[in-house]
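The values are calculated or read from the model by the stated rules, or taken from the named source; none is laboratory data. Only a predicted model underlies this, so the values are computations on that prediction, with no experimental measurement involved. Here the Cβ positions follow ideal geometry from the backbone for every residue, glycine too, while neighbour counts run over all protein chains shown.
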Amino acid sequence: MQQSFDFVAADITRWRDRLVPITDRGPLLRRRPVEQLVKSLISGRTRDAVSLAAYHRLRDRFGSAAEIAHAPPRLIEWTIADVTFPEIKADWLAAALRRIERDRTDFNLDFLGTWPLDNALAWLERLPGVGRKVAASALNASTLAMPVLIVDSHVHRVLERLGFVAAGTEPLIASEKATAALPDWNGDDFLHFHIAMKRLGQTACRFDAPDCAACPLAADCPSRSD
């Protein structure tokens, strides 16, 4: 098993190094865990600029997680109307925050940073609408900066094309495989790698029209077009 992990770690480290030209190593914006949870929960299948604007509207209109938790779902839906599936996400958001409130009336999730990673992920994934991508984002991209790879649709597509996971493999498996193979990486390492891989998926490794000639990982990619 360790040999397998060493092989995986070598691949990812090589990809990280080749992505340096498109990797922004500047300061990372980190929100409180519950704020990052809200942002990530409404962002699925939605362009970053759209989901960020919707998050800012939620924050400006409601002011706190507690206010969102008890707001009429239709008002939440109206506030995030331009994200994909706003009705479903509004219901998830209100229900998830009410569930958090039952355990943590102050909505402070910092305690998760003291737990083993698997336990923290499982605690979040019991919430309505929260799968591995949202849970990993709340732990890694927040002020907790826990070491776990966020695998969204762009990152997952790149990892599939690279043969890191088989086609049709759940993103959860890709996240667990990469995270387990890199025990020496910290939260910033994983977040910078996620951002770089996502940017690659949004540009050269697009879903409908991959530009393999512009991809810095093409030499390793069995799916590339020659």
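Is it the case that some residue within the range 113-129 is surrounded by 21 or more Cβ atoms within 10 Å (Cβ to Cβ), modelled with pLDDT of 95 or more and under 21 Å from Val20 (Cβ atoms)?
No, that holds for no residue.
Would you mind telling me which numbered condition in (1) within 12 Å of the chain's Cα centre (by Cα); (2) in contact (Cβ under 8 Å) with a residue 60 or more places away in the chain; (3) more than 21 Å from Asp188 (Cα to Cα) Arg161 fails?
(1)
Just to be sure I understand, how many residues within the range 50-99 are of a type in the set (Ser, Thr, Tyr) and closer than 16 Å to Pro33 by Cα?
Matching residues across the range 50-99 total 2.
Looking at Asp82, Asp60, which one is within 21 Å of the chain's Cα centre (by Cα), over 22 Å from Pro147 (Cα atoms) and exposed (fewer than 15 other Cβ atoms within 10 Å of the Cβ)?
Answer to the check: Asp82.
Being at pLDDT below 95 and either more than 25 Å from His194 (Cβ to Cβ) or within 17 Å of the chain's Cα centre (by Cα) (or both) narrows it down to one residue among Leu52, Leu75, Leu28; which is it?
Details: Leu52 fails: at pLDDT below 95; Leu75 fails: at pLDDT below 95.
Just a single option satisfies the conditions, and that option is Leu28.
Could you please find all residues in the range 39-49 being part of a helix (DSSP H, G or I) and either surrounded by 15 or more Cβ atoms within 10 Å (Cβ to Cβ) or at pLDDT below 95 (or both)?
Result: Lys39, Ser40, Leu41.
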